[in-house]
Amino acid sequence: MLAGVGCKSYDDDIDSINKKLDELETVTIKDLQSQIDGVKSSVEVIEDLSSRLSTLEGTVEGMGDVAQKLRDLENTLKSYVDNAVKDSEQTLRNEFATKSALNELISRLEQLEGVDVQGLINAAIEEFKKDSWLGEQMNEYIANYKFDYDYVNAEGAADAVLEQIKGQNEEYKEAILALIGSADGLTVSKEMLSDELKAYLEKIEELEQRVADLENRIQSLVYVPAYADGKVVFPASYAIQMTNGEGETSYFSLGAAEKQQAELKFRVTPASLAVESKLNAETLSIVTEEVMTRAEGAAFTIDEVKEWNAAKGEFVVVVSTDYDYFEARLEEQPKTLAIALHVAIDNAASTEENPLQGIEYTSEFIPTEGGQTFAVNNLLTVARLEGDKYVELKNNEYASDVEFTDKNVRNFFEGYSVVLKQDGELMALNSVWENVPQFELVAPEDAATVTNGHEENYELTETSAAIVTPAPELVGDVITSGAFTFRLKDQNGNYADVNTQAVAKLNIISVDTEVETAQLDAPVVWNYAAASGSQEYTAQYEFTNKLDVERFNALKSLMPTFTVTDAKGATVSDIQVAAESYSQPSVEGDVQRMTLKLTDAQNHFIAGGNYTVVALYEESAAGTTVTVKFPLTVEGLPAVADQLITKEIAYEPNTRQYKVFLDFAQIIWDTWGEAAEKYFADYATFKSALNGKQFVSTSEEENTLRAEDGSQILIGSDNIAVSFAKTETPYELSGKLTTTWGLEVVFGGTFTLNKPQGVLLQRGSDLPADNRVLIATTLEGGVFSVDNKDLVNTYFYDGDVAGVSVKFAIDRSDEEADYGTAGVSGTKLSWGSYKGLELPIVVTLEDNNGVVFDLQKFTAYIADPIKDQAITAKDGSIGATTTDQTLYISTLLTLKDMNNANVFAAPKTDDGTTDAKGLLTNIKTPLGAEVSYSTPDIIYTNRISFDPATGLLTVKGSTDTSMAVTETVSIDVTFTYAYGEKRTGTVKVAVAQK
């Protein structure tokens, strides 16, 4: 409050300013320099008033706002210069309301005496922020000027800042006057004044920052306690109670189970500091102070600052520490450690040239203490890590199974340790606390024991057990250790026993053993002697992972079950296996071998390959099995590549069959080279083995041994030949030689029989150039006849090769064609029962063995017995009268035969000259002809009708003359016969009312 402070001492100065403004109010700017002088005098008065108010501002809270008002007014007058430069012809009253603003300021100063000015100042500031004290062109500058200072009583420091602001104002004024003077009457642009103002504002910004730093100095920083005693409490800690064996108790401190962390709420004045940009982990730190005794090495760290509330001035600091409160309580003089919050905020305006003081403040010290300490002895148990989780020891006993063949040493309770059990979850101590005691497993005084009196088979100690001599009879033995103690101890010898009755048991169990072997005489080689005789082979094996000597030797008395599988895993049941012999090892390390006898009844081995033989031995005494795997590699008879050749053969008179592979046995034998005698004793044995061979097609889809014309590949006793049907024709023929013992070899290729020169067919006089030979025909008396034609003069041979003849035949290569009984006998062609106009003829020139040297084709044909290619129809007419009228359609039709006679007539069935439809019977019968009529569309169906079965059109007689128009009846006619294409036509009959 401003109680007792008056403001009237400033009235005279303000009146002086007011008077000068009145003088300026209605004057139009004529001379820029004179107007600036008037403004300058007003500015000087305001600067003096502002200086005096600075002193008052340092002692009376709230006067900072009044001083700010004056400074803003001073800047307003200076901005007039900029406005005058922009438009010297406008009046001051149109650019700003300086007088009204000054009057408002006077009114506010008069209210300071005896009233609560803080509220008035706040209201004035808000109004000042909203009002436009200057013209529009200065709004941009005002927007960059700050009005939100909330001054505090900063005494002389604030005065010093305000004095510097006044100095900057004076510099700006002088800069503007110098700028105007240097223009020498020319226009001073807004851009020039704007540059000066920008430099001025940058200097003012630095001073504003100093004012802001002063107003933000911390006045108070207090801890808001979470508990009534005002202490900061960190989480509970844990310990293990121990003894030294003499009844004295001690504790091993584990520390807290979680991070020792607490949240502290603070309240700061001014409240506006409670923001993240001011108070954060970089500006805050924790300092410590020992209250009772010195706390060595304690460290407190700020982990997080959060929950800022600038309205209340509150924020929360999250603090963690490594201080061991439990150990401190165990000391003779327990310690209490106090902490304080230290704030260090640098001055943002500070530079190396002008270092400025920032904010540094420390709160009152706050006492701290740790939470309650708990002994965790009852939470300790014994467990072993299995995979990624612990498994607890149950009923003080750990039992495991040991296979009777396993000679590895078993250390009792190996992998077990003491763990923490909480809420059913098992955890390693060092996963909860960093500082944990040392684990010790205390062994019993006596060695382990075993049941069933087999001690000589074992090596037993206080801490371990091992099988020395494996034997099936050990199955069912139980090895039991003495009682072990699980202990935790510290470096001073103090300890805590967690379990003192832990016993380990080993149960000796049966085991199914698998043994791998290696084939020593690999591979087993297929041979003809075995395949054609006993079918037996032998293979020797050595065990790679040995059995115990006693166990291996015991296998001889057992009868194994053998299984054979091929490389794909399929069982091969017809390969029989037996154990032929075993080696006789006497001590560990001796070689263990077996010899197998293999019976290949189906000759699988000829193809070679890899097999697996498995022998399963059942040891009934122990209820166990031994599985022995024997890899079996077999070298089969090498496959012989396909023997395919291309061969042209010279013709030999009257020879049809030619040898293309002279000695196939030797060809096969030579492909194996020197290795052949691994499979056969000698060549003679191999050749003998080929007896009973077969020669079959190499394809299931077609016969590769024989061509369509009869050419074929044949196998003899020692050679392979081709029998040709014609010359100059490449034949692709092949066959596969097979034997009962599994040999397969393909022989074949492309074979051509060359013909001798000049053996060709010659064209005869009866063969026209178009290769079409006309056969004479007659159609008389209801009979159609085709002459037998002698073809001798169509093709002939006049060469000097003996045994060569010309042969004629119907070409029946079109399997779908039916030529009836047509044929050629010698050189005579007979049409037979064939109902067609053409016959394909093939002519061959061949020797006495049917080898064809030349082949030619031509066509024999007959003239079409129906000459016309279409039915001609006359237009008909019939009247609709009072009596019935009829018309046979056949009487309107014309279709001529080869004799130029019409095949249609009026139906005359009484003497049989036509059928019912008007087709002549002497045409119908020999040519197999038929005629058909379509059913026409008729409008006047009550009067007009047509019978397709007879071709008769009928108009019913009637006195009704309702047929107003003529109706044309259209009827389609189709003629078919055995020898040629059908003929068609359409007849039209007009029906008119008469």
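The values are calculated or read from the model by the stated rules, or taken from the named source; none is laboratory data. The shown structure was predicted, so the numbers you read here are calculated from the model rather than taken from an experiment. Counting neighbours? That spans all protein chains shown, and the Cβs are built from the backbone with ideal geometry, glycine included.
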All-but-one check, G453 against (1) over 52 Å from the mean Cα position of the chain (by Cα); (2) at pLDDT 95 or above, failing number (2)
Taking the residues in the range 415-455 that are more than 23 Å from N492 (Cα to Cα) and small (G, A, S) as candidates, determine which candidate is surrounded by the fewest Cβ atoms within 10 Å (Cβ to Cβ). G424
Within the range 518-530, of all residues that are of a type in the set (A, V, I, L, M, F, W, C) and surrounded by fewer than 17 Cβ atoms within 10 Å (Cβ to Cβ), the one nearest to T740 (Cα to Cα) is A529
The one condition N849 fails out of (1) crowded, with 16+ Cβ neighbours inside 10 Å; (2) part of a loop (DSSP other than H, G, I, E, B) is (1)
Filtering the range 961-978 down to residues that are surrounded by fewer than 19 Cβ atoms within 10 Å (Cβ to Cβ) and assigned to a loop (DSSP other than H, G, I, E, B) yields T961, S962, A964, V965, T966, A978
Do we have R551 as basic (K, R) and assigned by TED's automatic domain parsing to the domain that holds A448 here? no
Filter the range 477-502 down to the residues that are of a type outside the set (S, T, N, Q) and in a loop (DSSP other than H, G, I, E, B), then identify the one that is farthest from the chain's Cα centre (by Cα). G493
Quick check on the range 659-680: of everything there that is touching a residue at least 40 places away in the same chain (Cβ under 8 Å), touching a helix residue (DSSP H, G or I) at 6+ places or on another chain (Cβ under 9 Å) and hydrophobic (A, V, I, L, M, F, W, C), which residue is surrounded by the most Cβ atoms within 10 Å (Cβ to Cβ)? F661
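Do we find that S958 is exposed (fewer than 15 other Cβ atoms within 10 Å of the Cβ) and in a loop (DSSP other than H, G, I, E, B) in this structure? Working first, answer last.
Working: exposed (fewer than 15 other Cβ atoms within 10 Å of the Cβ): no; in a loop (DSSP other than H, G, I, E, B): yes.
Spelling it out, it is not the case that S958 is exposed (fewer than 15 other Cβ atoms within 10 Å of the Cβ) and in a loop (DSSP other than H, G, I, E, B).
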Candidate set: the range 686-710, residues that are closer than 14 Å to G749 by Cα and in contact (Cβ under 8 Å) with a residue 40 or more places away in the chain; chosen: the one surrounded by the fewest Cβ atoms within 10 Å (Cβ to Cβ): T698
Go through the range 917-946 and count every residue that is out of contact with any helix residue (DSSP H, G or I) (no Cβ under 6 Å at 6 or more places or on another chain) and either more than 28 Å from S958 (Cα to Cα) or polar (S, T, N, Q) (or both). 18
Cβ-Cβ distance below 9 Å, separation of 6 or more or different chains: which pairs start in the range 251-280 with a residue that is assigned to a loop (DSSP other than H, G, I, E, B) and end on one that is of a type in the set (K, R) and surrounded by 15 or more Cβ atoms within 10 Å (Cβ to Cβ)? P270/R217; A274/R267
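Within the range 781-809, take every residue that is assigned to a strand (DSSP E or B) and touching a residue at least 40 places away in the same chain (Cβ under 8 Å) and give me the one that is surrounded by the most Cβ atoms within 10 Å (Cβ to Cβ).
Applying the filter and picking the extreme gives Y795.
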Going through the range 531-571 in order, the residues found to be at pLDDT below 95, surrounded by fewer than 11 Cβ atoms within 10 Å (Cβ to Cβ) and not in a loop (DSSP other than H, G, I, E, B) are S557
Keeping to the range 855-880, report how many residues are in a loop (DSSP other than H, G, I, E, B) and either among the polar types (S, T, N, Q) or within 19 Å of Y819 (Cβ to Cβ) (or both). 4
Hand me the list of strands (runs of 3 or more DSSP E) wholly inside the range 308-374 holding 2 or more residues that are among the aliphatic types (A, V, I, L, M). 314-321, 337-345
